[in-house]
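Peer 1: Shown below is the structure under consideration.
Computed from the coordinates by the stated procedures, all read-outs in this text should not be read as laboratory data. Being a predicted model, the structure only gives us computed values, none of them experimental. Positions of Cβ are backbone-derived with ideal geometry, glycine not excepted, and every protein chain shown enters the neighbour counts.
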Amino acid sequence: MALTLRGVRDNIDALNLGYAGLGADQQLKRQILMREFRATGDTAIASALHQQDRLVKRQDQSRKYAQSHKVPKRTPQPDSRRRKDFKTPEGFNACGLETGRSYASRAGERMEGKQAGFPDVMRHPASIGIAVVPLDGNLNAAVKNHRSILRATFSQMTPGAQVEGMFQIVLKTAADLAKIFPKEDWPEGFDPVAGSDEVFGYLHLHCIAADPWQTKADVRTVLSDAYRGRKRVWVGKVQPERTTKDGDVTHGAQGYFEYAALDKAEINFPKLDQKKVAILGHARLGATWTKRNRSFSFGKSIERTGTQINNDRVAKLELMKRLDFVKSNWAKLGAAQRFIHIWFSGLVNHVRKSALWPKLNHSPHTLFLHSLDTVKKWSLDETAQDIDFFDYAEHLVE
């Protein structure tokens with residue numbers, strides 16, 4: 001390939017993308033897009049360049065504002081306050097600008113409103129790998145092809161279920177995507193092994209599936225059966241909302257929805273040519289869909305369906321959630337905490353097999369009562385406040 005001034009400048013900018021901060025990244029992306037538009041006159045590049053100009057302008061304004069104003073930190077609000085109680089864009093607008101709420105914030109509130117009435121324990125955030133899209137492909141067509149599959153998949157959930165989400169596109173190499181998608185889901189005629197360095201669009205869906213009966217594991221099974229592949233489906237739980245030291249509310253269901261609605265271009269490639277291809281490819285792909293194309297909704301709100309939330313079911317799911325947390329953090333628990341959880345889980349056999357009772361040859365029921373009596377003594381003994389249960393019980397047995 002001939003050495004040109006444009007190519008050299010693009011290489012320098014692409015190289016700097018790996019070292020510069022967010023503000024500089026946006027400026028470098030704009031420069032590469034501008035050179036491409038001047039050379040080709042591509043309308044898709046022009047559209048992306050217009051959006052990039054807005055990002056650069058906003059960041060310049062934010063930088064100037066920060067330099068000329070010392071913004072006092074807001075007093076943190078109690079955790080009991082909800083995100084909607086704060087009249088701010090939750091940190092997704094440029095810092096220090098009075099520009100109104102961002103699209104991500106407004107979209108998050110809209111999706112959150114449709115799931116009003118569902119307890120968080122009945123809501124399951126999910127991410128689904130949808131398709132591998134060539135950089136000259138059409139995202140609107142790809143989404144349209146998979147909407148019917150997604151609706152058929154979510155229809156297997158409990159009647160009254162409701163799903164809200166947004167499609168996202170990020171760029172990855174074929175080598176990375178080969179770890180997610182089976183070979184039959186690749187574009188026809190392409191070998192991800194032979195073309196491992198080629199850049200593709202990774203179309204995926206971020207959503208929250210609200211179901212009055214199914215658990216997180218049930219939802220994962222439904223999605224994994226429809227979208228097979230390693231690490232193609234992730235299902236988690238709604239994180240508690242958090243209040244930052246500046247008073248911003250983050251996380252929670254709406255925080256996840258806002259993340260799903262963000263406009264972002266992740267440029268994270270080791271090679272210069274891959275970075276340039278990714279910037280231009282993301283611009284061309286972005287011109288093939290709109291925000292309306294990106295939205296996904298399934299089912300109706302509780303207000304329209306009249307779905308009844310079973311309080312006993314909520315209590316059971318809360319208990320399962322707590323046990324899952326204990327299981328995942330078992331190594332961090334002290335000996336006394338472990339015993340209490342074992343005791344409340346009804347695992348009497350663990351007491352029978354424990355090394356704490358080598359000198360007692362009684363029935364599991366007797367041993368359980370003995371251990372219960374020991375717990376009572378331990379909890380009431382003021383001299384044992386700094387001794388964990390296992391050490392205290394071993395001392396009694398001796």
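Peer 1: Using a simple charge model, +1 on the beta-carbon of Lys and Arg, -1 on the beta-carbon of Asp and Glu, nothing else, what dipole does region 110-256 show about its Cα centre, in debye to the nearest 20?
Peer 2: Taking the Cα centre of region 110-256 as origin, the dipole is about 380 debye.
Peer 1: Work out the FRET efficiency for ASP191 and LYS376 from their Cβ-Cβ distance, taking R0 = 51 Å, and round it to the nearest 0.05.
Peer 2: Efficiency computed from Cβ-Cβ geometry: 0.15.
Peer 1: Given the pairs LYS237/LYS264; LYS231/LYS321; LYS183/LYS291, which span a C-alpha to C-alpha distance of over 25 angstrom in this model?
Peer 2: LYS183/LYS291
Peer 1: Do any of LYS332/LYS376; LYS179/LYS316; LYS114/LYS216; LYS172/LYS332; LYS144/LYS316 go past 28 Å between their Cα atoms, and which?
Peer 2: Over 28 Å apart, Cα to Cα: LYS179/LYS316; LYS172/LYS332; LYS144/LYS316.
Peer 1: How large is the dipole of region 296-336 about the Cα centre if only Lys and Arg carry +1 and Asp and Glu carry -1, each at its Cβ, rounded to the nearest 20 debye?
Peer 2: Roughly 100 debye, rounded to the nearest 20.
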